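Read-outs: derived from the displayed coordinates by stated rules, not from any lab. These figures come from a predicted structure and were not determined experimentally. Neighbour counts are summed over all protein chains in view; Cβ atoms, including those assigned to glycine, are modelled from backbone coordinates with ideal geometry.
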Amino acid sequence: MIRGPGTASLPLGSVPSGQLVRVDVQLAAAKTSSLDYVALAEFTGEAAARYFDLRRAMQRLLLQACSSNGWTIPFPQLVVHRPGP
């Protein structure tokens, strides 16, 4: 577990705690059927080699946080109406 200033712990694997500089989560938009957030994590250059691992880890952690809090992800739906015979 590593911590950004003023944030909850983030289990980002083997990244030394000194490599995480800042974590910021902001509400980007309140739409009709969703709340869109932007999550940013700033690391030192030493973490650059693990960029793709960290990106996937952040996505996984955000989905886990949503699931553990009972948030569902709405999927677009298309309803097709066929005329009767």
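Label separation (Ala49 vs Gln26): 3.3 nm, computed from points 7 Å beyond Cα along the C-beta direction.
Model label points for Asp36 and Met58, set 7 angstrom from Cα along the Cα-to-Cβ axis, are 1.7 nm apart.
Its convex hull of Cα atoms gives the range 22-85 a direction-averaged projected area, equal to a quarter of the hull surface, of 7.4 nm².
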